[in-house]
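Have a look at the structure below before the remarks.
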Amino acid sequence: QVQLVESGGGLVQAGGSLRLSCTASGPAFSNYAMGWFRQAPAKEREFVAAINWMGGSTDYADSVKGRLTISRDSAKNTVYLQMHSLKPEDTAVYYCAAKWGVRSTSTHAYNYWGKGTQVAVSS
């Protein structure tokens with residue numbers, strides 16, 4: 001059973017930085033892909049970034065390219081989302097997700113989800 005636990009959210013001023021962590025437990029993750037998604041109030045959950053555990057290739061939503069970076073630490077079974085130059089529109093609950101196989105930008109492709117961590121960016 002895959003379990004995902006996010007941490008690192010909080011309140012930050014516009015232009016600031018945060019690093020989110022997602023610690024995964026369960027099977028070996030070498031054949032999995034990990035994703036970060038976010039959901040703002042009254043909006044649908046949307047793709048942010050994804051990474052293939054094997055090889056480390058990544059994908060990003062256009063709205064975060066150049067500001068957010070996804071990475072993984074295999075020794076710690078942890079995926080990170082480093083966020084710089086944060087904007088008020090980045091305010092949302094951020095979710096970590098896992099799927100078998102290669103990365104995807106679709107929420108429907110992911111089988112396992114964490115409970116989320118709140119990020120709030122003040123103007």
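The values are calculated or read from the model by the stated rules, or taken from the named source; none is laboratory data. Quantities reported herein were computed from a predicted structural model and do not represent experimental measurements. All Cβ positions, even for glycine, are placed from backbone atoms using ideal geometry, and neighbour counts span all protein chains on display. Areas reflect the complete protein model, heavy atoms only, side chains present, ligands, DNA and RNA absent. Shrake-Rupley method; radii C 1.70, N 1.55, O 1.52, S 1.80 Å.
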Report summary line: Pairs returned, first residue in the range 104-123 that is surrounded by 15 or more Cβ atoms within 10 Å (Cβ to Cβ), second residue that is modelled with pLDDT under 95, beta-carbon separation under 7 angstrom, 6 or more apart or interchain, are Y112/V2
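Examine the range 83-93 for a residue that is in contact with a helix residue (DSSP H, G or I) (Cβ under 9 Å, 6 or more places away or on another chain) and open to solvent by less than 30 Å² (accessible area, probe 1.4 Å), and state whether such a residue exists.
Within the range 83-93, one or more residues are in contact with a helix residue (DSSP H, G or I) (Cβ under 9 Å, 6 or more places away or on another chain) and open to solvent by less than 30 Å² (accessible area, probe 1.4 Å).
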Query - Flag for A75 being out of contact with any helix residue (DSSP H, G or I) (no Cβ under 7 Å at 6 or more places or on another chain), among the aliphatic types (A, V, I, L, M), over 20 Å from S17 (Cβ atoms) and free of Cβ contacts under 8 Å to residues at least 24 places away in the same chain - result: yes
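Identify, from the list S30, S25, the residue that is touching a strand residue (DSSP E or B) at 6+ places or on another chain (Cβ under 8 Å) and either without any contact (Cβ under 8 Å) to a residue 24 or more places away in the chain or not acidic (D, E) (or both).
Values: S30 fails: touching a strand residue (DSSP E or B) at 6+ places or on another chain (Cβ under 8 Å).
From the options S30, S25, the qualifying one is S25.
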Query raised in the report: Out of (1) among the hydroxyl-bearing types (S, T, Y); (2) touching a residue at least 24 places away in the same chain (Cβ under 8 Å); (3) in a strand (DSSP E or B); (4) open to solvent by 50 Å² or more (accessible area, probe 1.4 Å), the odd one out for Y80 is which?
Result: (4)
Query raised in the report: Would the range 55-62 turn up any residue that is in contact with a helix residue (DSSP H, G or I) (Cβ under 9 Å, 6 or more places away or on another chain), at pLDDT 95 or above and farther than 19 Å from T117 by Cβ?
Result: no
